[in-house]
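The values are calculated or read from the model by the stated rules, or taken from the named source; none is laboratory data. This structure is a prediction, so every number in the text was calculated from the model and none was measured. As a convention, Cβ positions derive from the backbone with ideal geometry for all residues, glycine included, and neighbour counts pool all protein chains shown. Keep in mind that these areas ignore ligands, DNA and RNA; they rest on the heavy atoms of the full protein, side chains included. Shrake-Rupley method; radii C 1.70, N 1.55, O 1.52, S 1.80 Å.
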Amino acid sequence: ASDEHARRLAQSVSDPARYGLPVGLPLAPADDPTHYGADANPNREVTMLWNMLSAEGLIERGYMSEASALIGRLLNGQVIALKRDRAFRAAYDATTGEGTEGDSESGVEGIRGSDQGDACGLAAHSC
């Protein structure tokens with residue numbers, strides 16, 4: 001990516017009118033008409049992989065504060081899900097922090113700890 005592209009990305013990740021939402025970078029910017037609508041709108045989805053790749057790109061280009069803020073927002077989404085669901089999700093709603101997978105209708109489960117106190121769900125590993 002060019003320096004200009006990195007500069008524009010750094011501006012966008014901090015702008016709440018575009019991508020600077022409470023839980024991370026959604027697939028579509030907040031000012032895009034497709035961002036709002038249905039409750040389970042995939043355009044509001046924040047995926048951890050793409051957000052971390054964006055944060056790494058910001059770090060490589062010297063935008064440390066923007067990358068740090070983005071990672072902080074991603075962690076905020078995970079904390080919200082852990083407190084509410086006791087589970088990690090692959091993706092989160094950019095504005096509410098709710099996991100966008102794992103509901104009973106989809107049949108997809110989040111990564112959950114067992115009820116026997118295994119906080120990370122991996123009996124042979126420690127968290």
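Of note, Arg18 does not satisfy the criterion of being in a helix (DSSP H, G or I) and at pLDDT 80 or above. From the set of residues in the range 48-100 that are of a type in the set (S, T, N, Q) and in contact with a helix residue (DSSP H, G or I) (Cβ under 9 Å, 6 or more places away or on another chain), which is nearest to Arg8 (Cα to Cα)? Restricting to residues being of a type in the set (S, T, N, Q) and in contact with a helix residue (DSSP H, G or I) (Cβ under 9 Å, 6 or more places away or on another chain), the top hit is Ser54.
Taking the listed residues Met52, Met48, the one that is at pLDDT 90 or above, under 26 Å from Ser2 (Cβ atoms), open to solvent by 30 Å² or more (accessible area, probe 1.4 Å) and within 10 Å of the chain's Cα centre (by Cα) is Met52, with no other qualifying. For Arg73, are the conditions met, namely being charged (D, E, K, R), surrounded by 15 or more Cβ atoms within 10 Å (Cβ to Cβ), at pLDDT 85 or above and within 10 Å of the chain's Cα centre (by Cα)? Taking the combined requirement at face value, the residue satisfies it.
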